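K.L.:
Just dropping this structure here.
The values are calculated or read from the model by the stated rules, or taken from the named source; none is laboratory data. Model, not experiment: these values are computed from the prediction. Neighbour counts are summed over all protein chains in view; Cβ atoms, including those assigned to glycine, are modelled from backbone coordinates with ideal geometry.
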Amino acid sequence: MALSIATRTGDDGTTSLLYGQRVPKDHPQIETVGAFDELNVALGAVKPHLAPDPSGTQTREFLTTLQKNLVALMGELACIEADAARYLGSKFEKISDADLARLDTAVAALEAQGLKFDGWATPGANARSAAFDFARVTARRAERRLVALPAQGRTVRPLLHQFVNRLSDLLWLFAREAEQ
């Protein structure tokens, strides 16, 4: 018999962190992981709006890499403070300086295109730009959850803050590029 996704262990309003600790489903870490899960979905929702040409394929692959980065980020956030060092020493993927550098390179490449924009953007010029803007605001919400964690007793590596901030900037640029 196959295992069921319905374990029923969450019927009491709790869920498990990475190493098995039970917390309420509205725990700040669960809220943060959930916000990044939403961002992962939002990035996936951009993909059907990409052109089937080589540039669309390249962007699709880039977004898939970012989604894998988000899974790594969620894993790091899904353990209690006492297990943070254990996680960093584990075999699990982690956000690295190279991941941040990849975002910086992508931001620079888009900025070098000389994209035109006047002040505040009004999303919705087309489906692709709207999808990127939706991903951007989802990233900003996740970022707000991330920066709130230290006040709840969970430290966050500065690199994670930098990665998410840069990702939001990149998504804004992708949306502006899609408008043009």
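The rows are residues; the columns are (1) hydrophobic (A, V, I, L, M, F, W, C); (2) in contact (Cβ under 8 Å) with a residue 60 or more places away in the chain; (3) exposed (fewer than 13 other Cβ atoms within 10 Å of the Cβ).
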{"position": "Leu70", "(1), (2), (3)": "yes, no, no"}
{"position": "Ala84", "(1), (2), (3)": "yes, yes, no"}
{"position": "Ala101", "(1), (2), (3)": "yes, no, yes"}
{"position": "Val107", "(1), (2), (3)": "yes, yes, no"}
{"position": "Trp120", "(1), (2), (3)": "yes, no, yes"}
{"position": "Gly124", "(1), (2), (3)": "no, no, yes"}
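K.L.:
Further, regarding this structure: For region 19-30, state whether one or more residues are closer than 20 Å to Ala72 by Cα, surrounded by fewer than 14 Cβ atoms within 10 Å (Cβ to Cβ) and either aromatic (Phe, Trp, Tyr) or at pLDDT 90 or above (or both).
P.N.:
Checking region 19-30: at least one residue is closer than 20 Å to Ala72 by Cα, surrounded by fewer than 14 Cβ atoms within 10 Å (Cβ to Cβ) and either aromatic (Phe, Trp, Tyr) or at pLDDT 90 or above (or both).
K.L.:
Given the residues Ala112, Ala142, which is the only one that is among the small types (Gly, Ala, Ser) and either out of contact with any Phe, Trp or Tyr (no Cβ under 8 Å at 6 or more places or on another chain) or more than 30 Å from Thr15 (Cα to Cα) (or both)? Step through it out loud before you land on a result.
P.N.:
Details: Ala142 fails: either out of contact with any Phe, Trp or Tyr (no Cβ under 8 Å at 6 or more places or on another chain) or more than 30 Å from Thr15 (Cα to Cα) (or both).
That would be Ala112, the only listed residue that is among the small types (Gly, Ala, Ser) and either out of contact with any Phe, Trp or Tyr (no Cβ under 8 Å at 6 or more places or on another chain) or more than 30 Å from Thr15 (Cα to Cα) (or both).
K.L.:
For Thr65, indicate whether it is closer than 21 Å to Arg102 by Cα, over 13 Å from the mean Cα position of the chain (by Cα) and among the polar types (S, T, N, Q). Reasoning before the result, please.
P.N.:
Numbers: closer than 21 Å to Arg102 by Cα: yes; over 13 Å from the mean Cα position of the chain (by Cα): no; among the polar types (S, T, N, Q): yes.
It is false that Thr65 is closer than 21 Å to Arg102 by Cα, over 13 Å from the mean Cα position of the chain (by Cα) and among the polar types (S, T, N, Q).
K.L.:
Count, please, the residues in region 1-45 that happen to be within 23 Å of Asn69 (Cα to Cα), part of a loop (DSSP other than H, G, I, E, B) and either without any contact (Cβ under 8 Å) to a residue 24 or more places away in the chain or over 21 Å from the mean Cα position of the chain (by Cα) (or both).
P.N.:
Final tally of qualifying residues: 3.
K.L.:
Among the helices (runs of 4 or more DSSP H) confined wholly to region 74-158, which include 1 or more residues that are modelled with pLDDT under 95 and in contact with a Cys (Cβ under 8 Å, 6 or more places away or on another chain)? Even if it seems obvious, please write down each step before you answer.
P.N.:
Values: elements: 84-88, 97-111, 127-148.
The helices (runs of 4 or more DSSP H) meeting that bar are 84-88.
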